[in-house]
Structure formats: C-alpha cells, structure tokens
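For reference, the structure is listed below as structure tokens.
We did not get these values from a lab; they are worked out from the coordinates using the rules stated. This structure is a prediction, so every number in the text was calculated from the model and none was measured. Because the Cβ atoms are built from the backbone with ideal geometry, glycine has one as well, and the counts that use them run over all protein chains shown.
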C-alpha cells in the first residue's frame, strides 16, 4: 500500500505539473497579447503625436494667413477712406466752382 500511495502521489504531482505547464503556457500567451496591445498603443500614440504636430502646423499657418489678410484688408479700408475724403474734397471744390459760375451769370 505504501507503493500504491507513492504511485498515487506521483500521479497527482505529475497532474499538478501538467496543470502548471498549461497555466504557464496560458500566462505566456496572455503576456504576448499584452505586449502586442502595448505595441499597438505605442503606434497609436506616435500617430496621434504626428497628427497633433500637423494640427499645430495648420494652426500656425492659419494664424499667419489671418494676420496677412488683416493687414491687407486694413490697408484697403484705409485706402477707401482716403479716397472717400479725397472725393469729398473734389466734390466740395466742384460745388464751389459751380457756385462761382452761377454767381457770374
């Protein structure tokens, strides 16, 4: 019976070792899956970083374009007001001359 108990104990140990091998294989598979997920996350982060840099470049370009447009429009509006003042002065001079001509007649 001692031999049978030893054999039973040995079979139980072997079964336990087999379960441990299975568990270790599952853990290794899960670990590989985790590393794959981490690699995917790292790639996603790199892509997001590139996208953010692109967006920042676009924002800078838009800011520069806006400043350029504001500068150009300010110049054009100023030119329009200057022309308006000049035209009003010309109109006043024409009116004065017309008044003189009418007064002479």
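Assorted remarks:
- Peptides 98-105, 51-58 ranked from most to least packed by the mean count of surrounding Cβ atoms within 10 Å: 51-58, 98-105.
- If you plug the beta carbon distance of residue 62 and residue 37 into 1/(1 + (r/R0)^6) with R0 = 41 Å, you get a FRET efficiency near 0.65.
- Maximal additional length on extending the residue 47-residue 93 stretch stands at 9.7 nm, based on 0.36 nm per residue less the C-alpha distance.
- Residue separation of residue 69 and residue 19 scaled by 0.36 nm, minus their Cα-Cα distance, works out to 10.6 nm of gained length.
- nm² value of the averaged projected area, convex hull over the Cα atoms of the chain: 10.9 nm²
- Residue 1 paired with residue 54, simple spin-label distance in nm, labels 7 Å along Cα-to-beta-carbon: 7.9 nm
- Against the chain, whose longest principal axis is taken from its Cα atoms, helix 2-104 shows a tilt of about 0°.
- Model label sites at residue 103 and residue 86, defined 7 Å from Cα along the beta-carbon direction, differ in position by 2.9 nm.
- Candidates 79, 15, 67: whichever shows maximal mean-square fluctuation once the chain is modelled as a Gaussian network with Cα springs under 10 Å: 15
- Computed over the chain with a Gaussian network model linking Cα atoms closer than 10 Å, the most mobile of 31, 64, 17 is 17.
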